[in-house]
1. Has region 27-34 got at least one residue that is within 14 Å of ligand 1 (Cβ to nearest atom) and in contact (Cβ under 8 Å) with a residue 60 or more places away in the chain?
2. Select, from ALA142, ALA160, ALA171, ALA194, the only residue that is within 16 Å of ligand 2 (Cβ to nearest atom), in a helix (DSSP H, G or I) and not aromatic (Phe, Trp, Tyr).
3. Please go through region 18-54 and pick out each residue that is of a type outside the set (A, V, I, L, M) and within 11 Å of ligand 2 (Cβ to nearest atom).
4. Considering only residues that are free of Cβ contacts under 8 Å to residues at least 24 places away in the same chain and in contact with a helix residue (DSSP H, G or I) (Cβ under 6 Å, 6 or more places away or on another chain), which ones fall in region 58-97?
5. Return the residues of region 62-75 that are out of contact with any Asp or Glu (no Cβ under 7 Å at 6 or more places or on another chain) and crowded, with 17+ Cβ neighbours inside 10 Å; say none if nothing qualifies.
6. Output the helices (runs of 4 or more DSSP H) that fall wholly within region 23-136 and possess 3 or more residues being among the hydroxyl-bearing types (Ser, Thr, Tyr) and closer than 21 Å to THR183 by Cα, or say none.
7. Restricting to region 55-70, give me the number of residues that are in contact with a Ser or Thr (Cβ under 7 Å, 6 or more places away or on another chain), more than 16 Å from ligand 2 (Cβ to nearest atom) and closer than 29 Å to LYS100 by Cβ.
8. Given the condition in the same structural domain as PRO39 (by TED's automatic domain parsing), away from ligand 1 (no atom under 16 Å from the Cβ) and either crowded, with 21+ Cβ neighbours inside 10 Å or assigned to a helix (DSSP H, G or I) (or both), answer yes or no: does some residue in region 206-214 qualify?
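The values are calculated or read from the model by the stated rules, or taken from the named source; none is laboratory data. Remember, it's a predicted structure, so these values are computed and weren't measured experimentally. Quick reminder, even Gly has a Cβ in these numbers, built from the backbone with ideal geometry, and neighbours come from all protein chains shown.
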Amino acid sequence: MITIKDLSVKYGDQDKSVPVLDHINIEIGKGEIYTFIGPSGCGKSTFLYVLSGILRDYEGLVLVDGRPVDPKRQRIGLILQNYGLLPWKNVRQNIILGVKIKGQPREEEYFTYILKQLGIEQLLDRYPKELSGGQQQRVAIARAFLLKPDILLMDEPFSALDAINREEMQALFLKIWQEHNVTTVFITHSVDEALYLGSKIIVFSDAPGKILGVYDNPCFQLDNLRCRDEYYNMSMQLRKILDKG
Ligand code: ADP
Ligand code: MG
């Protein structure tokens, strides 16, 4: 569904440009969660900006269902680390912002359903500053799912949360995702998160980012994942690859 061929990105002027992504090749299939893991500064966010259509200055080919990325044609849900909420809008307004911008019809029933799944139906009149980090992240997730996106792009969305909240959000996200099966690109720098959330795992090298490996995740959706041998083994394998990269 998403085809990426020889994607390279440089920042800066031509004579002193810095390469950030180096010949990325990958096919991202429908209905899977791809977790991309790599060290800080290797170009993960840049990769997501290209996929979202925000960054257009790149070399190579990026196609969604055979066509160039176009946020007007494809429904793309974007969830960022800092939640991306507007401080002067309340929760309700923040959640419907996405469909409003897109001019999509608002589906009241679905809206209520998503709120309930995320447990934020009591927070509609609050403003972002009156919410905890975890609550803000739930609002951002509600906004993205309300769009019924074809592609969900997430850039280290849970990294600002403390460990307990983070695990709770990961589990909640996975539960909601299972009902929608939306094609998801999830950026992380946590081995644990990559293993918990990814049906496929892609490892990026140090900057400039290259793909070191693409793995089917044997741990995906296993019960009590974090206590199992598969988890330990994959975790060691990924850490070794990251260390060498
Ligand atoms: P990551 O998300 O993996 O930490 P980024 O994609 O944010 O990495 O950044 C990759 C590299 O590109 C970093 O060295 C960063 O400093 C640099 N960079 C990011 N954005 C810009 C920009 N707009 N102009 C110049 N350099 C940038
Ligand atoms: Mg980043």
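1. The initial filter retains those residues of region 27-34 that are within 14 Å of ligand 1 (Cβ to nearest atom), namely none.
No, region 27-34 has no match at all.
2. Working: ALA142 fails: within 16 Å of ligand 2 (Cβ to nearest atom); ALA160 fails: in a helix (DSSP H, G or I); ALA171 fails: within 16 Å of ligand 2 (Cβ to nearest atom).
Among ALA142, ALA160, ALA171, ALA194, only ALA194 is within 16 Å of ligand 2 (Cβ to nearest atom), in a helix (DSSP H, G or I) and not aromatic (Phe, Trp, Tyr).
3. PHE36, GLY38, PRO39, SER40, GLY41, CYS42, GLY43, LYS44, SER45, THR46, PHE47, TYR49
4. If the condition is that a residue be free of Cβ contacts under 8 Å to residues at least 24 places away in the same chain and in contact with a helix residue (DSSP H, G or I) (Cβ under 6 Å, 6 or more places away or on another chain), then no residue fits.
5. Initially, region 62-75 is screened for residues out of contact with any Asp or Glu (no Cβ under 7 Å at 6 or more places or on another chain), giving 62-73.
Answer for region 62-75, where residues must be out of contact with any Asp or Glu (no Cβ under 7 Å at 6 or more places or on another chain) and crowded, with 17+ Cβ neighbours inside 10 Å: VAL62, VAL64, VAL69.
6. On the way: elements: 44-52, 91-102, 108-118.
Those helices (runs of 4 or more DSSP H) span 44-52.
7. 1
8. First, the residues of region 206-214 that are in the same structural domain as PRO39 (by TED's automatic domain parsing): 206-214.
With away from ligand 1 (no atom under 16 Å from the Cβ) added as a condition, the list becomes 213-214.
Narrowing the set further to residues that are either crowded, with 21+ Cβ neighbours inside 10 Å or assigned to a helix (DSSP H, G or I) (or both) leaves none.
Looking for residues that are in the same structural domain as PRO39 (by TED's automatic domain parsing), away from ligand 1 (no atom under 16 Å from the Cβ) and either crowded, with 21+ Cβ neighbours inside 10 Å or assigned to a helix (DSSP H, G or I) (or both), one finds none in region 206-214, hence no.
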